[in-house]
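The next block holds one structure in the form of structure tokens; read it before the comments.
The values are calculated or read from the model by the stated rules, or taken from the named source; none is laboratory data. As the structure is a prediction and not an experimental result, all values here were calculated from the model. Ideal geometry is used to build each Cβ from the backbone, glycine not excepted, and the neighbour counts take in all protein chains shown. Ligands, DNA and RNA are excluded from the accessible area calculation, which covers all protein heavy atoms including side chains. Shrake-Rupley method; radii C 1.70, N 1.55, O 1.52, S 1.80 Å.
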Amino acid sequence: GDDGSEKRPGSNRPSNVLLVRVSRIRYPVTLDALHTIMSRYGFVERIVMFDKGTGLQVLVQFPHSGAAVGAYEGLDLMEMYSECNLLRVGYSNLSEVQIGKASDRARDYTGGAGAPSAAAAAAGGGGDYGRGRPDSP
């Protein structure tokens, strides 16, 4: 390919946050469409879209990496619409997607309406890693 779409974006190390690149865009990429596609793999906490030199990129945050792995394996090289809007899926190095305020390019689906992540920080924030381990005395 000549549009930089031949490689997955981001990292190949599993994370609860995906980095998705959309290329060959012929129809507008909306949060609703992305949310519908990603929700097949698990509860989507946050989505943010932003423009990079290589085109549109999207961060998608799931509660844990299991859902993200399913989407990583299931959605890479899929098209949102016939013969266009190609998805390349990799893992982000982030574990928490920051959203300033909700817009048509950023949304928090956890009920926080783009709220700052104080609640997430209080809940441990880093996925399931810290849970289920007894505290040291």
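Taking the residues in the range 49-92 that are within 20 Å of Tyr27 (Cβ to Cβ) and of a type in the set (Gly, Ala, Ser) as candidates, determine which candidate is nearest to the chain's Cα centre (by Cα).
Gly55
Does the range 71-102 hold any residues that are out of contact with any Pro (no Cβ under 9 Å at 6 or more places or on another chain), at pLDDT below 95 and among the β-branched types (Val, Ile, Thr), and which are they?
Matches in the range 71-102: none.
Out of the range 8-58, which residues are assigned to a loop (DSSP other than H, G, I, E, B) and out of contact with any strand residue (DSSP E or B) (no Cβ under 8 Å at 6 or more places or on another chain)?
Answer for the range 8-58, where residues must be assigned to a loop (DSSP other than H, G, I, E, B) and out of contact with any strand residue (DSSP E or B) (no Cβ under 8 Å at 6 or more places or on another chain): Pro28, Thr30, Ser39, Arg40, Tyr41, Gly42, Phe43, Gly53.
Give the range 78-102 a look and list any residue that's hydrophobic (A, V, I, L, M, F, W, C), assigned to a loop (DSSP other than H, G, I, E, B) and surrounded by fewer than 19 Cβ atoms within 10 Å (Cβ to Cβ), or say none.
Matches in the range 78-102: Met78, Leu94, Ala102.
Would you please name the residue that is modelled with the lowest pLDDT, looking only at residues in the range 103-115 that are closer than 15 Å to Phe50 by Cα and open to solvent by 70 Å² or more (accessible area, probe 1.4 Å)?
Only one residue tops the list, namely Asp104.
Look through the range 28-70, keep the residues that are surrounded by fewer than 16 Cβ atoms within 10 Å (Cβ to Cβ) and charged (D, E, K, R), and return whichever of them is modelled with the lowest pLDDT.
The selected residue is Lys52.
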